[in-house]
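The values are calculated or read from the model by the stated rules, or taken from the named source; none is laboratory data. For clarity, every value in this text was computed on a predicted model and none was experimentally measured. Here the Cβ positions follow ideal geometry from the backbone for every residue, glycine too, while neighbour counts run over all protein chains shown. We work out accessible area using only protein heavy atoms, side chains counted, and drop any ligands, DNA or RNA first. Shrake-Rupley method; radii C 1.70, N 1.55, O 1.52, S 1.80 Å.
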Amino acid sequence: MESQVLQRRIDVLDHGYVLLTDSMGSDLSVVNAARVSYDKASQVFDVKDERLLAFLRRENHTAPFRHAIVSLECYAPLLVKNQWFKHLVGGVHHDDMEFPGIDPFFAWNESSRRYVTEEEQFYIPTEWRSKPENSKQGSGLPLSEATGAMFTADLATHTKKGLSMYKYAMKCGVAPEQARLFLPAYSLYVRWRWTTSLQGAMHFINLREHSTAQEEIRVYASAVKELVGQIFPKSIGE
Ligand SMILES: Cc1cc2nc3c(=O)[nH]c(=O)nc-3n(C[C@H](O)[C@H](O)[C@H](O)COP(=O)(O)OP(=O)(O)OC[C@H]3O[C@@H](n4cnc5c(N)ncnc54)[C@H](O)[C@@H]3O)c2cc1C
């Protein structure tokens, strides 16, 4: 890896973030994995490597991109997490708070609040989008500021009520695994670790940064692209 100072964390939405925790390999690992059949390897990434990388991407030769790995810690509302966890192949979603010590290559988990009672955090947007004309689009034009402000206030009230019922249930001795039923789930922030191959990250970025993806996950995909692009600039591209 070049000796540049990496940006480790990008804040997303009102309380979320993506944190680059670890990585293995570089753009050079990708081209050298492709060249192994010729028993050749480059020491420094040059114009020939750039051409080979472009060819691999264009022709969907994906295996070389699986010789590089990134690990990210993500903190996102459950609605984003649910979409993210659909990306199954070549990566694992891991929460070391729920199952400490479990091998991340054999399990994926989220912080379910069954055992953990870290501070509750909720996504409360300040801008609201309209119902789309085409049902295949997630949402349409932004609603007016006044309407948005009304729904922001409503959601804040709803969240506060759910949270206080949750706390009350626990105070009365209800098990956390049941008390959590009171929490407004979709907006609740959850934390997890995602360890994925470079190919897995590229696939996620392609699908989730796209204009047809939900705005809330698109901003996470852009953060992933920026963080992963620091380590694999040629593979991730513009
Ligand atoms: C805009 C958008 C809207 C969506 N809407 C919905 C929705 O309404 N409901 C819903 O349930 N999901 C929805 N999804 C999720 C979508 O169906 C995918 O599950 C998600 O995008 C992950 O992509 P994937 O399956 O390609 O990823 P992965 O499961 O990580 O698979 C990666 C790639 O591996 C290959 N692969 C995976 N499994 C196999 C296999 N068994 N055999 C051979 N090759 C395999 C495929 O090439 C695949 O593309 C949506 C996704 C997007 C981007």
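The residue that is farthest from the ligand (Cβ to nearest atom), counting only those in the stretch 202-227 that are crowded, with 18+ Cβ neighbours inside 10 Å and within 18 Å of A54 (Cβ to Cβ), is K225. The number of residues in the stretch 177-187 that are open to solvent by less than 40 Å² (accessible area, probe 1.4 Å) and either touching a strand residue (DSSP E or B) at 6+ places or on another chain (Cβ under 7 Å) or not in a helix (DSSP H, G or I) (or both) comes to 3.
Considering each residue of the stretch 33-53 in turn, none proves to be under 30 Å from I124 (Cα atoms), modelled with pLDDT under 95 and part of a loop (DSSP other than H, G, I, E, B). Would you be able to tell me the number of residues in the stretch 62-95 that are over 30 Å from R35 (Cβ atoms) and of a type in the set (A, V, I, L, M, F, W, C)? Final tally of qualifying residues: 7.
Filtering the stretch 144-171 to residues that are closer than 21 Å to L13 by Cβ and either open to solvent by less than 70 Å² (accessible area, probe 1.4 Å) or within 16 Å of the ligand (Cβ to nearest atom) (or both) leaves T147, G148, A149, T152, A153, L155, A156, T159, G162, L163. Annotation note: of V190, V174, the sole residue that is assigned to a strand (DSSP E or B) and either away from the ligand (no atom under 16 Å from the Cβ) or open to solvent by 50 Å² or more (accessible area, probe 1.4 Å) (or both) is V190.
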